[in-house]
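Structure, as structure tokens:
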Amino acid sequence: GAVVSQHPSRVICKSGTSVKIECRSLDFQATTMFWYRQFPKQSLMLMATSNEGSKATYEQGVEKDKFLINHASLTLSTLTVTSAHPEDSSFYICSARGSGGAFFNEQFFGPGTRLTVL
Amino acid sequence: KQEVTQIPAALSVPEGENLVLNCSFTDSAIYNLQWFRQDPGKGLTSLLLIQSSQREQTSGRLNASLDKSSGRSTLYIAASQPGDSATYLCAVAAGNKLTFGGGTRVLVKP
């Protein structure tokens, strides 16, 4: 159990366009989802935390108007990179955490999405 | 603010040698500590999760210890194999967040 998927796995877009990345918990209800960004040869940096049905909480330095997060259901969160620029090129990874039992104390990670902005 | 440090940043060993990876954290008020493996261009694979009340966890050739009071965890990989080559990340859970270390890139040479 505890499988998290991301779609797409890889996306290339032109500068100025918007890109949406989906994160789904496949076999549990995720009350909280997290979005991370990872630059080459660096570790994961938390961008934002979202709870189902409420606004996301963004980490310091992350532009909420540029990285739109929606967590409309207990199994789906989306990250939209608006007006993407080459410096937004990165590996984006989501994770999900359930509301109780074995899924409460652990985050389960998706496989990541490689974004390349030309 | 929690800070997580992993030493060394990179490690190269011959096949069969035991691996010792270190992780330290500055705030001991944690819920758990987790070790992950990441292959190039891929997502994270969870290896071991140690609850704050535990001192170690074992899975096959992997053993992770946790000394919360001193802010340290060590991941031991016995009898390393070329397939163990990857980046290993530790992360500590506190509050509502996971804080990651910078990772240790491991190369096991055949």
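The values are calculated or read from the model by the stated rules, or taken from the named source; none is laboratory data. Not measured: the values here are computed from a predicted model. Quick reminder, even Gly has a Cβ in these numbers, built from the backbone with ideal geometry, and neighbours come from all protein chains shown. Note: areas computed on protein heavy atoms with side chains; ligands, DNA, RNA excluded. Shrake-Rupley method; radii C 1.70, N 1.55, O 1.52, S 1.80 Å.
If you filter the range A:25-81 for trypsin sites (Lys or Arg not before Pro), then keep DSSP loop positions with at most 15 other Cβ within 10 Å, what is left? The partial results should precede the final answer.
Details: sites: A:ARG37, A:LYS41, A:LYS55, A:LYS64, A:LYS66; in loops: A:LYS41, A:LYS55, A:LYS64, A:LYS66.
Loop-located and lightly packed - A:LYS41, A:LYS55, A:LYS64, A:LYS66.
Would you tell me the accessible area of B:VAL106, worked out with a 1.4 angstrom probe on the heavy atoms of the protein chains, in Å² to the nearest 10?
10 Å²
Using the heavy atoms of the protein chains and a 1.4 angstrom probe, tell me the accessible area per residue for chain B in square angstrom. Present the calculation step by step, with values, prior to reporting the outcome.
Working: 5280 Å² over 110 residues.
For chain B, the solvent-accessible area averages 48 Å² per residue.
Cut-off 20 Å, label point 7 angstrom out along Cα-to-Cβ of A:LYS41: give me the residues of the range A:84-99 whose amide nitrogen falls inside.
Under 20 Å, as judged by backbone N against the label point of A:LYS41, lie A:87-92 of the range A:84-99.
Pull up all non-local amide H partners of B:GLY102: gap of 5 or more, or a different chain, and H-to-H distance under 5 Å with H placed in the peptide plane.
Distant-sequence amide H within range of B:GLY102: B:GLN6.
Taking Cα pairs under 8 Å and at least six residues apart, what relative contact order does chain B come out at, in percent? Spell out each step's value before the answer.
Details: 283 pairs, mean separation 40.8, N = 110.
Relative contact order, chain B: 37 percent.
Would you mind checking the pairs A:LYS41/A:LYS66; A:LYS66/B:LYS42; A:LYS55/B:LYS68; A:LYS64/B:LYS68; A:LYS14/B:LYS1 and listing those with alpha carbons more than 28 angstrom apart?
On the way: A:LYS41/A:LYS66 24 Å; A:LYS66/B:LYS42 25 Å; A:LYS55/B:LYS68 33 Å; A:LYS64/B:LYS68 35 Å; A:LYS14/B:LYS1 37 Å.
The answer is A:LYS55/B:LYS68; A:LYS64/B:LYS68; A:LYS14/B:LYS1.
Which semi-axes, in whole Å and largest first, does the equivalent ellipsoid of chain A have when worked out from the alpha carbon gyration tensor as the square roots of 5 times its eigenvalues? Each step should come with its number before you reach the end.
Details: eigenvalues 111, 40, 32 Å².
The answer is 24, 14, 13 Å, longest axis first.
At a 1.4 Å probe, what is the % contribution of carbon and sulfur to the accessible area of the protein assembly as shown? List each step's numbers first, then the result.
Working: 5590 of 11050 Å².
Solvent-exposed carbon and sulfur of the protein assembly as shown make up 51 percent of the total.
Kindly write out, for the range A:92-97 in residue order, the coupling ³J(HN,Hα) from the Karplus curve 6.51 cos²θ - 1.76 cosθ + 1.60 (θ = phi - 60°), rounded to whole Hz, with x marking Gly and Pro.
9, 10, 10, 9, 9, 9
What figure in square angstrom, to the nearest 10, would you give for the accessible area of B:ASP39 with a 1.4 Å probe?
50 Å²
Using the reciprocal of the averaged 1/r over all distinct C-alpha pairs, how large is the Kirkwood radius of the protein assembly as shown in Å? Intermediate results must be reported in sequence, preceding the final value.
Details: mean 1/r = 0.0551 Å⁻¹.
Mean inverse Cα-Cα distance, inverted, gives 18.1 Å.
Determine Rg/Rh for chain B; Rg is computed over alpha-carbon atoms and Rh is the Kirkwood hydrodynamic estimate from the same atoms.
On the way: Rg = 13.2 Å, Rh = 13.8 Å.
Result: Rg/Rh = 0.96.
How big is the B-A contact in terms of buried accessible area, both chains counted, 1.4 Å probe, rounded to the nearest 100 Å²?
Values: alone 5990 and 6470 Å², together 11050 Å².
When B and A are taken together, about 1400 Å² of accessible area is lost.
Report the GluC sites (Glu not before Pro) located in the range A:42-99 that are in a DSSP loop and have at most 10 other Cβ atoms inside 10 Å of their Cβ, or state none. Walk me through the intermediate numbers first.
On the way: sites: A:GLU52, A:GLU59, A:GLU63, A:GLU87; in loops: A:GLU52, A:GLU59, A:GLU63.
Here the GluC sites (Glu not before Pro) that fit, given the DSSP loop and packing criteria, are A:GLU63.
Using Cα-Cα distances under 8 Å and only pairs 6 or more residues apart, what relative contact order does chain A have, in percent? Present the calculation step by step, with values, prior to reporting the outcome.
Numbers: 300 pairs, mean separation 43.3, N = 118.
Answer for chain A is 37 percent.
Averaged per residue, what accessible area in Å² does chain A show with a 1.4 Å probe, protein chains only? Don't jump to the answer; show the numbers that get you there.
Details: 5770 Å² over 118 residues.
Here the residues of chain A average 49 Å² of exposed surface.
If you take the beta carbon distance between A:VAL3 and B:THR58 as r and set R0 to 30 Å, what does 1/(1 + (r/R0)^6) give as a FRET efficiency, to the nearest 0.05? Let's see the in-between values first.
On the way: r = 24 Å, r/R0 = 0.81.
Using R0 = 30 Å, I get an efficiency of 0.80.
As an exercise, use a Förster radius of 35 Å and the Cβ-Cβ distance of B:SER28 and A:HIS85 to find the FRET efficiency, rounded to the nearest 0.05.
E(calc), rounded to 0.05, equals 0.30.
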